[in-house]
Amino acid sequence: MIRATTLALVAALPVAAPAMALDLFMAESTLGALSDSDPSRAYGAALAACLVGQGDAARTAALFTDAGWTLTADTEMGLNQIASTNDALYVLAATDGSFCAVYAEDTGTEIAAAQMMQLVSSLGLGTSVMPGTSECISVQLPPAIGIEVTSSGNDPVCDDAATSSVRFTFGPGQ
């Protein structure tokens, strides 16, 4: 049932033309909620921050730290770990800018997919379902941004009522 509801959200979005550029005004306008005490608003703002960063690791980190999130760089792993004041909400972002993933240990994948679709819809662009082996909700934004919703953890699954991860990948091949 969860997957059917989320797929209906994806199907309702128009398909984007490949040559369209992202207009991030609406996404940028939500960044003020990164410091919101409402976990749902902070989660949505974290998704927007990953997208607004567009694979620029320094810019992405600054969006979060300017809002009071704590950055811990792990150069050996090539990751920036970015923690909110809510222990259940955090971000892992590659220092090479290849991905930015928002994790919530208290928000399921259905809510995460709905928040992601709301963000994507606010851009005024459509999406296309990404081909591939994953059964999870995934979409493609022009020019080369992939977004996938899974659970958190080492062995993520597509549907989880308790946890979620929304991973943005940037670059060719997305």
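The values are calculated or read from the model by the stated rules, or taken from the named source; none is laboratory data. Small disclaimer: the values here were computed from a predicted structure and weren't measured. Positions of Cβ are backbone-derived with ideal geometry, glycine not excepted, and every protein chain shown enters the neighbour counts.
Okay, here's what the table says:
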{"quantity": "Residue within segment 56-77 that is among the small types (Gly, Ala, Ser), touching a Phe, Trp or Tyr at 6+ places or on another chain (Cβ under 7 Å) and at pLDDT 95 or above present", "calculated": "no"}
{"quantity": "The listed residue being in contact with a Lys or Arg (Cβ under 6 Å, 6 or more places away or on another chain) and either under 21 Å from Leu31 (Cα atoms) or surrounded by fewer than 16 Cβ atoms within 10 Å (Cβ to Cβ) (or both), out of Glu76, Glu148", "calculated": "Glu148"}
{"quantity": "Exclusive hit being closer than 20 Å to Ser152 by Cα, modelled with pLDDT under 95 and part of a loop (DSSP other than H, G, I, E, B), set Thr85, Thr107", "calculated": "Thr85"}
{"quantity": "Qualifying position, being out of contact with any Cys (no Cβ under 8 Å at 6 or more places or on another chain) and closer than 23 Å to Gly171 by Cβ, among Ala94, Ala58, Ala104", "calculated": "Ala58"}
{"quantity": "Total residues in segment 91-118, condition over 18 Å from Cys136 (Cα atoms) and under 10 Å from the mean Cα position of the chain (by Cα)", "calculated": "1"}
{"quantity": "First in segment 151-174 and at positive phi, second anywhere and surrounded by fewer than 20 Cβ atoms within 10 Å (Cβ to Cβ), Cβ under 7 Å, 6 or more apart", "calculated": "Gly171/Ser98; Gly171/Ala144"}
